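Single-structure report; data block below.
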Amino acid sequence: MPNLNPSALAMVPFVSVQDMMRIVNSIGPGQMMREICAYIEADFTRWPLFDKTPRIGAHSEEGVIELMPTSDGEYYGFKYVNGHPANMARGFQTVTAFGVLAQVSNGYPVLFSEMTVLTALRTAATSAMAAKYLAPKRASTMALIGNGAQCEFQALAFQEIVGITAVRLYDVDARATHKAVKNLENSGLDVTICTTAEAAVTGADIITTCTADKQNATVLTDNMVGSGVHINAIGGDCPGKTELHRDILLRSDIFVEYPPQTRIEGEIQALDPDHPVTELWQVITGQLPGRSSDRQITLFDSVGFATEDFSALRYVRDQLERTGHYIDLDLLADPDDPRDLFGMVNRAKGVL
């Protein structure tokens, strides 16, 4: 009888949603986002090494499905992610994702992972990383406008990485705000429920907008934003979807991940194509300044970029031995003779 057991080369570590939740809870969400932040920051310091391209999107009236690929020459990674704002009303998640990390030298995957939870972690870690360089010194209060799936991750990441102590919450759906309050009740943060966006930003050093509607919206108007604040605009992530009034952009120093993608998908799609922006990696490497004055308005126009997912996948792969939360998946066909794939299939006839 032929031996049909998969070889070691056929197996790829797979991190399921259940495994990811176990990893998060064994490490702790705050610590895990701090550690992911360190991986993202390290990869931003070697930004020129990466293959970079705007994400490849298939847009429809219902939403978007995207592929986000990149490589540092040693490893290749990609994420599959959707964004369907109407999904919540239909009983589905707005965003779901999975990703793969592969070795460039032979093309073999070394990790297959859920990335719905992981994307939430890396998005918040990236926001907090940017704020390390752009937010006012000793910032302590953060406004969170949009209290959906990303809200608590942002609050905990900024607490862990930036040192905020208070959050002011607002959402057009009060149920989302109360959900966030309940989830943050043991965080040590001072949480305030606000009934308007203007009330939420009052007294805030950092303003984060993370709304989900797929449209040009005005979550913040110009009169709401005073001097000296840092804004994380993370809800806009596709053409035709923005959150900030154009006048806010004109008063701000704008920092982005990858301009060719952000000019298509970010807040700056509302500006002239040559409007000046600063790439965040240049601030992290010390080539260009970040925050330079107490009265400066800094804006991180974040749409999420493939290198951040690559960093998060690298991090998860490095935690497999530490946590043990994964399974080996028989994913790759590995015949004894690489030329005899049909023979491998044929020998399984009547056995499997």
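To keep it simple, each residue is scored yes or no on (1) open to solvent by 50 Å² or more (accessible area, probe 1.4 Å); (2) in contact with a Cys (Cβ under 8 Å, 6 or more places away or on another chain).
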residue	(1), (2)
Gly57	no, yes
Met68	no, no
Ser71	no, no
Tyr80	yes, no
Arg90	yes, no
Ala97	no, no
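Taking the stretch 272-299, which residues are farther than 22 Å from Pro48 by Cβ and over 24 Å from the mean Cα position of the chain (by Cα)?
The answer is Asp272, Pro273, Asp274, His275, Ser292, Ser293, Asp294, Arg295, Gln296.
Hey, does the stretch 172-179 have a residue that's at positive phi and in a loop (DSSP other than H, G, I, E, B)?
For the stretch 172-179, residues at positive phi and in a loop (DSSP other than H, G, I, E, B): absent.
Might you check whether a residue that is open to solvent by less than 60 Å² (accessible area, probe 1.4 Å), within 23 Å of Gly290 (Cβ to Cβ), at pLDDT 95 or above and not small (Gly, Ala, Ser) occurs anywhere in the stretch 192-202?
The answer is yes; a qualifying residue exists.
Does Asp43 meet the test of being open to solvent by less than 20 Å² (accessible area, probe 1.4 Å) and out of contact with any Leu (no Cβ under 8 Å at 6 or more places or on another chain)?
Considered against the rule, which asks whether it is open to solvent by less than 20 Å² (accessible area, probe 1.4 Å) and out of contact with any Leu (no Cβ under 8 Å at 6 or more places or on another chain), Asp43 comes out as yes.
Just need a number here: residues in the stretch 307-328 that are out of contact with any Gly (no Cβ under 7 Å at 6 or more places or on another chain), in contact (Cβ under 8 Å) with a residue 12 or more places away in the chain and either of a type in the set (Gly, Ala, Ser) or surrounded by 24 or more Cβ atoms within 10 Å (Cβ to Cβ) (or both).
5
For the stretch 120-134, check the following and say yes or no: at least one residue is among the β-branched types (Val, Ile, Thr) and either touching a Pro at 6+ places or on another chain (Cβ under 9 Å) or more than 20 Å from Asp309 (Cα to Cα) (or both).
Scanning the stretch 120-134 turns up no residue that is among the β-branched types (Val, Ile, Thr) and either touching a Pro at 6+ places or on another chain (Cβ under 9 Å) or more than 20 Å from Asp309 (Cα to Cα) (or both).
Within the stretch 124-155, how many residues are under 16 Å from Ala38 (Cβ atoms) and buried (at least 24 other Cβ atoms within 10 Å of the Cβ)?
8
Using the structure shown, decide if Thr94 is of a type outside the set (D, E, K, R) and either in a loop (DSSP other than H, G, I, E, B) or over 30 Å from Gln287 (Cβ atoms) (or both).
Here the answer is yes, as Thr94 does meet what is asked.
The values are calculated or read from the model by the stated rules, or taken from the named source; none is laboratory data. What you are looking at is a predicted structure, and each value in this text was computed from that prediction instead of being measured. Note that we place each Cβ from the backbone using ideal geometry, even for glycine, and neighbour counts take in every protein chain shown. Just so you know, the surface numbers come from the protein's heavy atoms only, side chains and all, with ligands and any DNA or RNA stripped out. Shrake-Rupley method; radii C 1.70, N 1.55, O 1.52, S 1.80 Å.
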